[in-house]
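> For reference, the structure I am asking about is given below.
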Amino acid sequence: MPIRALYSQSTLVLTDASMEYIIPNHKIEIYKDQGLNLDIATVLSDSTLFFSKASNEDFKSIDIEADYWIRFSVYNNTSKDFRWFIEEYNFNAEHLVVYYQNSTGKYDSLALTGSNDFTQRFINHKNLVFPIPASPGESNIYYLKYKSNTATPPQFIVREANYFISYAINEYFLIGIFYGILGLITLNSIISFFKYRNSNIGYFSVFICSVVLFFLSIDGIGFQYLWSSMPVLNKIGKPVFHFCSIIGFVLFSAEVLKVRYIYPAFDKYILVFIGLRMIYLILQIIWPQIITIPYIDILLIFLILIVAVQSKMANSVIPMFFIAGIGFMLAALIVYSLSFLDNLQVNNFAFYSFYMVPLLSILCFYQSAEEAFKIQQSKQNDHDLINSELENKVNEKTQELLLNSKLVEDRIKAQDTFIFKVTHDLKGPLRSIVGLVKSARIDKKTAPEIYLDYILKSCERLETVISDLLTISRTTSKDLQFSKVDFKVMISDVVESFKGNSEDNFEVITDFEQSVDFYTENTLLYSVFQNLIENAMNYRNPDALPNSYLHISIKESSDQTVVYFKDNGIGIPEEFIAKVFDMFYRVEERHNNKSTGLGLYLVKIGLNRLQSTVEVQSKIGEGTTFILKLKNFYADIDHKESRKLELV
């Protein structure tokens, strides 16, 4: 940081009262050697002539093409023999040679440099440090030959050795905390970026990395620990890393503020700024004496602050931490600028402000980046959830379409099979009728009544098939109307309908009592019972003793009723049990030529409509048991309306 120099020779007095002295402006005299051709002998030969030509403005901004001779005197008025060091804060010095008088009156020299390897320094410290021989009661004049590779003026502080060590330890400790916090934030940001690929975190990572490198380049820590053998980075590192940090911040701000969408015109200004800032960086590298005060940076950040405040007032989701971070960053740049304008008093508060204010700014930006990411992640999660729900619905609809397509395909196949079987079974009686008619016309001997009886039987069979087909059609298309069922009454009605067609040696036995209200589609269940009873009658065993029977029993529960139809008929061969419910399937044609093969098929499709099932158990010569598991639709109906209907 610069010090204004007053050019009247005056002595710096060291006392027991203080262990640290900032060499004030009026204690220093300088001379600018534009020709770079002076040595200590020439300077000592006529010191008054040289130093009297010094200008007050020469020391406010260093000419990197010139050498500067600096002279000051120190009087040691302490009571103890302390060791003293002078620390020069501009570690970018290309060379610094200290000349001091020895005990013989001659001048010895100590060469320090910032342009060579860091390990060549007299003391391993981020700044240039050299001892000054000053015994108690002695006064000494010191000459310094100074040349810098930047326009930053030198700053000298005298410290007692023990105090210098203590101060350096505290300084490195605090700087270590500073870089430790920045390091953790940087590492977390980089990991988060590679994990989530989020643009907010990406630009913030560029910004924080550039800020870390910028501070490493201006305080000497980078030269001491990272690029100690590459002093050229001290010259170009500060402007390059400053440029990267500003650009990183601008891109991060544009992403947080959604400038591209909300303020498209301002987005174009940002591109223009990046171009101008690049040109300025190139000029800084080529011509280091160019003004280094970041006016253009301050102006742009101030504009970003205005945009952020306006967005926040417009109920935008701009994190408050982001606005606070911009404020701290402006403060940091102002402090940085004041150091070049020579309006900032060098003290511990000013020195650590260079660290604390930017650190607060970065912490605010880090928090705002986290908030912006959470907001964006929440929106993304909502978007993903909507997409997932839509995808699930599409999959459901796709599966439903595939299922419907399969059902349609199956129905078409079933319809083709149905048509084939129907035509086959209808053709049988028709062929028989046609054959009988032809035979009757040819056969003149046989009585016509015989042929007419056969024709009548074929017509009756044809009528039965057609009747069953109509029943199948009604069963598959009928709307279900649930009502209360009394099993005994329904079975009695079915048995009554067979009077005149049944044999004397066949009996239907019902020895159960119904205790649960059972609701189903009455007509469909009647058809099921009718076909099962008819099946038992058609396939009864004529040799059964004392007679053939069908025993019907039930087993009740709240949601279903199991009905057992057990007969002592001829039974079904085991290999045919799985086929008895197929359309037009008859086990033994010889046992019953009246069967159409549609009765048990009607049982199956009727039970399917009633969400019920049927099982078969049978043994040849012993009989068959059909087990019906009937769903009770009691819970699916409006019982108030049902009671009204019953009353009516």
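> On full extension of the chain, what length is gained from ILE412 through ILE298, given 0.36 nm per residue of separation minus the C-alpha to C-alpha distance?
So the chain would gain 33.1 nm between ILE412 and ILE298.
> Obtain the nm distance between the two label points defined at LEU226 and ALA41 by a simple spin-label model: each point lies 7 Å from its Cα along the Cα-to-C-beta direction.
Between LEU226 and ALA41, the simple spin-label model gives 4.5 nm.
> Which FRET efficiency value, to the nearest 0.05, do you get for VAL616 and VAL437 by plugging their Cβ-Cβ distance into 1/(1 + (r/R0)^6) with R0 = 51 Å?
Step by step, r from the Cβ atoms, then E = 0.80.
> Which pairs in the list LYS406/LYS631; LYS238/LYS258; LYS195/LYS374; LYS126/LYS238; LYS579/LYS619 are over 21 Å apart, alpha-carbon to alpha-carbon?
LYS406/LYS631; LYS238/LYS258
> Exactly which trypsin sites (Lys or Arg not before Pro) in segment 161-269 are in a DSSP loop and have at most 12 other Cβ atoms within 10 Å?
ARG197
> How high is the FRET efficiency between PHE266 and LEU402 when r is their beta carbon distance and R₀ equals 60 Å, given to the nearest 0.05?
Approximately 0.70, to the nearest 0.05.
> Please give the length that would be gained between SER483 and ASN505 if that part of the chain were fully extended, namely 0.36 nm times their separation in residues minus their C-alpha to C-alpha distance (nm, one decimal).
Value of the extension gain: 4.5 nm.
> May I pose another question? So if each residue of separation counts as 0.36 nm, and I subtract the Cα-Cα distance between MET490 and GLU138, what length gain in nm does that give?
Fully extending the segment from MET490 to GLU138 adds 113.3 nm.
> Let me ask something else. Points 7 angstrom from Cα along the Cβ direction at GLU513 and GLU575: gap in nanometres?
With each label placed 7 Å out from Cα toward Cβ, I get 4.8 nm.
> What does the charge dipole of segment 102-254 about its Cα centre add up to, to the nearest 20 debye, if the Cβ of each Lys and Arg holds +1 and the Cβ of each Asp and Glu holds -1?
With only Lys, Arg, Asp and Glu charged at Cβ, the dipole is about 420 debye.
> A follow-up question, please. With labels modelled as points extended 7 Å from the Cα through the Cβ direction, what inter-label distance (nm, one decimal) is found for LYS457 paired with THR523?
Placing both labels 7 Å along Cα→Cβ, they lie 3.4 nm apart.
Values quoted throughout were computed directly from the atomic coordinates according to the rules given, and no laboratory measurement underlies them. If you're wondering where the values come from, they're calculated on a predicted model, not measured in any experiment. Methodologically, a virtual Cβ is constructed for each residue, glycine included, from the backbone with ideal geometry; neighbour enumeration extends over all protein chains shown.
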